[in-house]
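Structure record follows, encoded as structure tokens.
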Amino acid sequence: MYDHKKIEQKWQKDWEEKNLYKTGEDKSKEKYYVLDMFPYPSGAGLHVGHPKGYIATDILARMKMMQGYNVLHPMGWDAFGLPAENFAIKNKTHPRKMNEKNIATFKNQLKKIGFTYDWGREINTTDPKFYKWTQWTFLQMFKKGLAYESHEPINWCPNCQTGLANEDLEGGKCERCGSEIEQKPMRQWVLKITDYADRLLKDLDKLPDWEDSIKEMQRNWIGKSVGSKIIFKVVANNNDGRIDNVNIKESQHFSQNNAESTQNNAEKNKVGDFLFEDLTYKIRGAMFNVRKKIGLGHKESVYHKALEIEFEKQGLSFESEKRIDIKYEDEKIGVYQPDFVVENKVLIELKALPKIGKQQLNQVWTYLKGSDYKLALLVNFSSSDLEIKRMVYDSARNQINSAFSALSQRGSATSLEVFTTRPDTLFGCTFMVIAPEHPLIENLKDKIENYDEIKKYQEQAKKKTEMERTELNKEKTGVRVKGIMAINPVIAKTLSQSQTDADYTQNYAEENFLHGSASSQRSSATSAEVPIFVADYVMMGYGTGAIMAVPAHDERDYAFASQKNAERTQNDAEIKIRPVVLKKDNKARSVLMGTKNITENDLKNIGVEIVEKKKDRYHIFIPFDKIEEYKKLIREKMENHFWNEFYTGENFYFIFKHKDGKIEEFELNSDTNDQIDIYGMTFNDEKPKEKPENVYNWLAENDFYKELFLSAEEGIAINSDFLNGLPTKKAKEKMIEWLEEKGLGKRATNYKLKDWVFSRQRYWGEPIPVVHCEKCGVVAVPEKDLPVTLPEVESYEPTGTGESPLANIDEWVNTTCPKCKGPAKRETNTMPQWAGSSWYYLRYIDPHNDKALVDKEKEKYWSPVDFYVGGAEHATRHLIYARFWHKFLYDIGVVNYEEPFTKLRHVGLIMAEDGRKMSKRWGNVINPDDIVEEYGADAMRVYEMFMGPFSQSCAWSTNGLIGARKFIEKIVALFEKVSDEKSDEEIQRELHKTIKKVSQDIDEFKFNTAIAQMMILVNKMTSAKKINKEDYKLFLQILGPFAPHISEELWQKVGEEKSIFLSAWPKYDESLVKEEKVLIVVQVNGKVRAKLEVNADINEEELKKIAFANENVKKWLEGKEIKKIIFIKGKILSIVV
RNA sequence: GCCUGGGUGGUGGAAUUGGUAUACACGAGAGACUUAAAAUCUCUUGGAGGCAACUCCGUGCGGGUUCAAGUCCCGCCCCAGGCACCA
């Protein structure tokens, strides 16, 4: 009898006592690192789905062990996180206690399944010895400017009382508790993962052994799109239109952000006042003069030169090539080069964003404050509140930017910056849309005539839940921003084509932009002026929060424009829909008139497809290769005094037939208007010559041609001045060149990936190792003082004010500044759960090292992970975070390889028998302990691997499990047949075939077919009389990884003393694997007519003889002529008659 | 809407990448052993026709390529996962 309990306990004990799975230190052996995604030790314990992946890696690890590899197969605990903390809140116990208990349960459960884990390398992310290195890495990022404080609004879960990263949302809701997420402005630590976006994307190509689906998910998540940024100027249509006189308000999120905003208002105003005093006033004066003299639309270098002249006039000393080394703790961490340093005090940027990245501003600011260089705008300002200082700096920056923005040509009070992937459609931009949260609204508050209406819309948009946003998918809402207009730069510029650039600058820019009015009387500028709308279909979080809307070539813009046009009252101007791309189609088409002499058959005979027949016209498709024939037909048979135009796939072709039958034909091009005019044709009662776009616009109005003109697909540029005739790709390039040359835009790449919001306002996480010092700002905790451990607290409850419970522990919060030894406060935010899991796999390599995160030599040997297995739900979080973290460690020289995981496979879920997810809620959870108890760990292992393809989810079936159990019982029963006699040849052949298949299938994670093959073998062995002992042993060895306990038991019973897992993996005998006899199929006209068993190496002639002799084949060949015979060796003989 | 998989017996699933469709397992049916049941063993098991040899039909639907299509191409339908007004 097979007593699984006794056998499994016996061997588990034996393996542990003999330390069988301790990872070898023999570095002469080739290494193999197999890794499972480590679990979060939840209170619910394991269900049968969890071990599926662990069983798979265990099988792989055991085989690799037997194949002579030095195998690392570790396990640990991802133990920070909310469930433990919530439990702690409820029960007033330390989360650690809960963790310890759960880990004990998990470990106990895992051990019963018989895994090869080396528990000597167990790790736990909540262990200070572990998280010391999580903190250490954070500090390295901080020093490099990759960890920075941000005040941007972030995702806030009101239920979990913490901020969340984008990756932590599921359909706009908290992934953990399902609460609706709010956008809350607050101070956050953020990791600059976007700096790595391009590498994270590109290096996916270096991972051929990752599943394509997961790579694709990552690509989508990173969401790279290439295009350009374009500046649209904004003009007001009241008074003199001088928008730069508008008082720039504090940017919106600052006022919201500041909890004590009222009491700080006075301070803030002071800053504002200061900006316009003295020095700043002089600088602004210089700037105004420059603009007045040379106007807009020049390259940056031109303004540089002009400003230099003006600075000199104002008597200001300045440097323009000043490079300032930014240091942190005497270590140079970067260089900051402002555009100008005026009077050694004011740092001036011509751009909205300084040359340094945004993340580094923090460091620059900290450094400048403590250096000889003074950021003059802050010199006279004293406040002890760090937050205010920060705001002042940022606000000062905004002030400079705003003041200079007209020069800098970047998004600001007087201009709108957009991102687009289709710069080639710029001529088709007929309105602009900004997100409800766009700062322009506040900045131009005084110029906007319907400010109240817009405010109201903002409120509505805010209230809309994500659900509503998606449900009302098609229904677009929005409000026109009255009182201001944007200028389509390319139309503005090309309208004044005849003028020289200087003329343009003088006349057009001065008149229309500086004193511009949006009144429609000015004919030359009107088509360049486009209305601005606020609509929630534009997101503040993507791109610049503003778009150039091209209704002809963007579905959303089209929907919005149609909606607005339908709603519009008499006072509102219609939104124009201007096609600027003619779609590339795969068939020519035409609306054919003048058909008195043309029959349907005439058309059909030359291959023309009639789509629709109307009274006086046909809508037809013409295959490209029939165009010449079609032209001939038209010339011959179309009535006089008609013309026919047809789309050629790239353009339109015209054939005119005059009253006297004279024919003229030409392709539509820029001269066409003149030609058409000569024939006296009119379109919509307008002579085309006066309106260049009219031919296209007229064609576009025809329903049959419409889709060619209103499409987001690529095609040929039309109605686009210097782009006309260019295919989309080339048109994009040319437009970008043009924009860059004129300083109105530039090539740009945009990512969906956002920086990683890295702080949580909760207790149970790694403390962020920095202190806030009144004098020195944000200071890193020195490495020697790591780890910063979590203090004991009485209440784990989040404060709800956006601060973590740690903020209440005065004796922990209050500390001294490592730099100046003055009083300072500890950072009270903690890290998210994903921090530890971003690098834990490195720690297994060297788990007890207290000098380094990992020893470099050891890392070189063991890394990268050869095979990584875990759930697909981590595709866009853990796996992106870990790759980012790893690349950073690579950059600072901690690790030797750029990618952490060579091969990745995701494990499919095991569903409950009812097809639902296993969950306490449904009461359908199956506990592995019960299965192990009743059927044995081996049966469970075999069953879970046999269920189906590894990566596919599959419902649990206890019946299926019984099948696996029977399979093992059969193997046990086989022992009775073991003898010294030779096995039958058939058995030997099947055995070696099985060895081959199992070895291959394990490597490819095709466990189900490996087991099926073993079942075939076992069935054959069962029906045999005797099995040779050595053959039986070979089988036990390949069975071992799947069912280790029973294999070890039988291995011992058959007389072996050392563990089966120390034996060498069997090699198959090539000669036995080769089939001697094969079944060849004889087909007649594709139908199987006979199956012949013949020698495998039979040649065609011999086979034909046998085949033709076959009765059934004969029958089918009788009286027929053989046309062709196809012979594929060892497979098929196909006869065609 | 977009991206990625997938659709094969009563069920889970095989099919060397274009070459015997339904391996292996479960379930079901029949039989053997048994006083009986369980367990075990043997046989049958895609559908239709036929005593049989055998024949016809059959891999979501409709076309196509090929001597040959579950597999390749074109057009749809459905299911799962991911993303989602991403400019």
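The values are calculated or read from the model by the stated rules, or taken from the named source; none is laboratory data. Every value quoted in this text rests on a predicted model; they were computed, and no experiment measured them. Because the Cβ atoms are built from the backbone with ideal geometry, glycine has one as well, and the counts that use them run over all protein chains shown. Just so you know, the surface numbers come from the protein's heavy atoms only, side chains and all, with ligands and any DNA or RNA stripped out. Shrake-Rupley method; radii C 1.70, N 1.55, O 1.52, S 1.80 Å.
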Please work out how much length the chain gains when fully extended from A:T93 to A:S562, using 0.36 nm per residue of separation minus the C-alpha to C-alpha distance, in nm with one decimal. 162.8 nm
Just to make sure I understand: if all protein chains stay in place, what is the order of A:L904, A:L1034 by accessible area at 1.4 Å, largest first? A:L1034, A:L904
Here are some pairs, A:K752/A:K775; A:K202/A:K856; A:K107/A:K132; A:K101/A:K856; which of them have Cα atoms lying more than 28 Å apart in this structure? A:K752/A:K775; A:K101/A:K856
Kindly rank A:94-101, A:1110-1117, A:430-437 from highest to lowest mean number of other beta carbons found within 10 Å of each residue. A:430-437, A:94-101, A:1110-1117
Leaving out ligands, DNA and RNA but keeping every protein chain, what accessible area does A:S999 have, in Å² rounded to the nearest 10, with a 1.4 Å probe? 20 Å²
So what is the orientation-averaged projected area of region A:1-70, using the convex hull of its C-alpha atoms, in nm²? 6.8 nm²
Take the residue pairs A:K90/A:K184; A:K13/A:K215; A:K206/A:K1131 and return only those whose Cα atoms are more than 31 Å apart. A:K13/A:K215; A:K206/A:K1131
Please state the relative contact order of region A:1001-1107 as a whole percent: Cα pairs under 8 Å, 6+ residues apart? 14 percent
Order by protection proxy (mean Cβ within 10 Å, highest first), peptides A:889-898, A:76-85: A:76-85, A:889-898
From the phi angles alone, apply the Karplus equation (6.51, -1.76, 1.60; θ = phi - 60°) to region A:183-196 and give each ³J(HN,Hα) in whole Hz, x where the residue is Gly or Pro. 9, 10, x, 6, 6, 9, 8, 10, 9, 7, 5, 5, 4, 9
Would region A:1-122 count as rounded, prolate or oblate if I go by the C-alpha gyration tensor, calling it rounded below 1.5 in a/c and otherwise prolate when a/b exceeds b/c, oblate otherwise? prolate
What percent of all Cα-Cα pairs in region A:748-799 falls in each 10 Å bin, counting up from 0? 18, 35, 31, 13, 3, 0
Going by a ≥ b ≥ c, the root eigenvalues of the Cα gyration tensor, does region A:891-997 fall in the rounded group (a/c under 1.5), the prolate group (a/b larger than b/c) or the oblate group? oblate
Residues meeting the amide H criterion for A:A748 (H placed from the backbone, H to H distance under 5 Å, 5 or more places apart or on another chain) are A:G227, A:S228, A:K229
Through the Karplus equation 6.51 cos²θ - 1.76 cosθ + 1.60, θ set to phi - 60°, convert the phi angles of region A:585-593 into ³J(HN,Hα) values in whole Hz; use x for Gly and Pro. 10, 9, 9, 7, 8, 7, 9, 9, 10
Which three extents, in angstrom, do the Cα atoms of region A:1054-1131 have along their principal axes, listed largest first? 70, 19, 19
Placed amide H near A:L416: partners under 5 Å, 5+ positions off or other chain: A:F232, A:K233, A:V234
Longer than 19 Å from Cα to Cα, which of A:K22/A:K64; A:K977/A:K1029; A:K455/A:K482; A:K111/A:K860 are they? Say none if no pair is. A:K111/A:K860
What's the extension gain from A:K1053 to A:R921 if we count 0.36 nm per residue and subtract their Cα-Cα distance? 42.9 nm
For A:N927, the net charge from surrounding residues (Cβ-Cβ under 12 Å; K, R +1; D, E -1) works out to -2
Taking a probe of 1.4 angstrom, what is the accessible area of A:K729 in Å², to the nearest 10? 140 Å²
1.4 Å probe accessible area per residue over region A:619-669, in Å²: 48 Å²
Counting only residues 5 or more apart in sequence or on a different chain, those whose built amide H sits under 5 Å from that of A:A1090 are A:V1082
Which percent of the accessible heavy-atom area of region A:1-116 goes to carbon and sulfur, probe 1.4 angstrom? 51 percent
Ordered by residue, what ³J(HN,Hα) values in Hz, to whole numbers, does region A:710-722 give under the Karplus form 6.51 cos²θ - 1.76 cosθ + 1.60, where θ = phi - 60° and Gly and Pro are x? 10, 8, 7, 6, 6, x, 10, 6, 9, 6, 10, 6, 6
Label-point separation, A:S951 to A:N1099 (7 Å along Cα→Cβ), nm: 4.5 nm
Tell me, what % of the accessible area of region A:1010-1136 is carbon and sulfur with a 1.4 angstrom probe? 50 percent
At 1.4 Å probe size, with no ligands or nucleic acids counted, give the accessible surface of A:D3 in Å², nearest ten. 70 Å²
R0 of 51 Å, Cβ-Cβ distance A:I1122-A:D1069: FRET efficiency to nearest 0.05: 0.80
Sorted on mean Cβ neighbours within 10 Å (highest first), peptides A:185-191, A:170-176 come out as A:185-191, A:170-176
